[in-house]
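Here is the structure we will look at, set down as structure tokens.
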Amino acid sequence: MARRRRRAKLSREPVQATIESVSHDGKGVCHIGDLTVFVDGALQGEEIRFIYTNKRKNIAEAKVHEIISASPLRVEPECLHFSMCGGCSLQHLAAEQQILLKQEVLLENLKRLGKAEPQSVLPPLTGPHWGYRTKARLGVRFVLKKNKMLVGFREKHSNFLAELDTCKVLHPDVGLHLRDLADMLKTLSIYNQIPQIEVAYGDEQGAFIVRHLEAFTDDDKQRLSAYAEKMNLHLYLQSKGPDSIFRLYPPEETEIASLSYALPQYGIVNQFKATDFTQVNMDINRKMINLAMQLLDPQPEDRLLDLFCGLGNFTLPLAQKAAHVTGVEGSSELVIRAKENALNNGIDNVDFYAADLFQDFSAMKWAQQKYDRILLDPARSGAKEIAEYLPKLGAHTVLYVSCNPATLARDTEIMVHQNGYTLVKAGVMDMFPHTAHVESIALFKK
């Protein structure tokens, strides 16, 4: 039997250092001998004392113990829970500096991994810094020692839930009422069998999906329904997988309007289900669509391809300017939603296909056609397969929306150095203020 490797005992004595730089995830970086230390809560140029939280080989993690000399960019976090909650990592840095840090991360990745630099850098897209988050997955746990129900995000460097009363980045209808929600859940008979609540908000309506490991009693359901009515929620229960989700309130026999968000500039209203993927920041989403329309610049005679199209977020506005737009998405459920949204908005110069864009799609009808312009908006894993296939699609202009600068940079290397595109413009969008998440956009042309 192999012996367990003992974890090195960490010193709890504070260590003094000067922070030399900031990492891609917003941690201060310093060196102690041959050890590179990433310090949570530290900013470049600061003189601090830190305490180790983890150490392995030549890399260590730490947290700030004392700030001896603060950076002029440091601000007082507005959230009372920032020091312990892992939901945000950058509230100690001024908001206007956060987005510049993300811009540095993007450009550094493009240069180092993509071996390319944009001809021009786009001004950052910014929006509200608080109450912006319309989608979230919240942990739920009853802590016996505290005799308290917790709802929210995990603690920093821990799998334990943070003890939150409010959350300033969540949509106010849920963020300002976490304690009320937790107290209500504690009154239920299976309060210790509820691991998670999924939150989704549209422009006018919110929805909760309550995951539960045992059956609710009739009394539980009445309490949940009363809370949903008070908070203007559609409330769903989920006992097992996605197929087990059903609406508790309003009752399923009651006809209700779907969640929706409007794109007023285009006269479009997109409907969606609580389980559907939508952008978490609707203000930035609207600005991002406007920017995409400007950069991609569709012409009346153009045929466009929208890859990873979701429920038609970009597809439908683009269709108002182009001759035809084809949307392709991996989720068949989202393809159904996209078709419904096109029909509901009276847009008929679109078609949609369900396809796994990480597998061989070359035999599909849409992949054997030529396009003038292409938009792609992949998940964090990027779009390597698409980047390699681009020459066969014939597009002279490609717009890439990314939620991971590392995979964008990897795909940029393929597009620029293998496929002959030029990286014309690139920039960042503040989709997740106060976090290290980097949302970006890049324009390529032949």
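Note on the range 192-228: residues that are assigned to a helix (DSSP H, G or I) and closer than 14 Å to LEU181 by Cβ amount to 5.
What do you reckon, is ILE194 in contact with a strand residue (DSSP E or B) (Cβ under 7 Å, 6 or more places away or on another chain) and either under 22 Å from THR278 (Cα atoms) or not assigned by TED's automatic domain parsing to the domain that holds LEU150 (or both)? No, not satisfied. Scanning the range 293-328 for residues that are assigned to a helix (DSSP H, G or I) and either closer than 19 Å to ASN270 by Cα or in contact with a His (Cβ under 8 Å, 6 or more places away or on another chain) (or both) returns MET293, THR315, LEU316, PRO317, LEU318, ALA319. ASN54 meets each of the listed conditions (1) polar (S, T, N, Q); (2) under 30 Å from VAL151 (Cα atoms); (3) assigned to a loop (DSSP other than H, G, I, E, B) apart from (3).
Answer yes or no: is there a residue in the range 135-149 that is in contact (Cβ under 8 Å) with a residue 40 or more places away in the chain and more than 30 Å from ILE190 (Cβ to Cβ). No, there is no match, as no residue in the range 135-149 is in contact (Cβ under 8 Å) with a residue 40 or more places away in the chain and more than 30 Å from ILE190 (Cβ to Cβ).
Matching residues to (1) at pLDDT 95 or above; (2) outside the structural domain of LYS168 (by TED's automatic domain parsing); (3) over 15 Å from PRO14 (Cβ atoms); (4) surrounded by fewer than 20 Cβ atoms within 10 Å (Cβ to Cβ):
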site: GLY33; (1), (2), (3), (4): no, yes, yes, yes
site: THR36; (1), (2), (3), (4): yes, yes, yes, yes
site: GLY41; (1), (2), (3), (4): no, yes, no, no
site: ILE48; (1), (2), (3), (4): yes, yes, no, no
site: ASN54; (1), (2), (3), (4): no, yes, yes, yes
site: ASN58; (1), (2), (3), (4): no, yes, yes, yes
site: LYS63; (1), (2), (3), (4): no, yes, no, yes
site: ILE68; (1), (2), (3), (4): yes, yes, no, yes
site: LEU80; (1), (2), (3), (4): no, yes, yes, yes
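Checking the range 334-343 against the condition returns a match, with at least one residue being closer than 17 Å to ALA262 by Cα, touching a residue at least 60 places away in the same chain (Cβ under 8 Å), surrounded by fewer than 18 Cβ atoms within 10 Å (Cβ to Cβ) and of a type outside the set (A, V, I, L, M). For the range 329-358, filtering for residues that are part of a loop (DSSP other than H, G, I, E, B) and either closer than 17 Å to LEU318 by Cβ or at pLDDT below 95 (or both) leaves 5. Residues considered: PHE308, PHE216. Of these, the only one that is under 19 Å from the mean Cα position of the chain (by Cα) and either assigned by TED's automatic domain parsing to the domain that holds ASP377 or under 23 Å from ARG141 (Cβ atoms) (or both) is PHE308. Of all residue pairs spaced 6 or more apart or on separate chains, none has beta-carbon atoms under 6 Å together with a first member in the range 403-430 that is at negative phi and a second member that is at pLDDT below 95 and polar (S, T, N, Q).
The values are calculated or read from the model by the stated rules, or taken from the named source; none is laboratory data. This is a predicted model, so every value here is computed, not measured. FYI the Cβ positions are ideal-geometry reconstructions off the backbone, even for glycines, and counts take in every protein chain you see.
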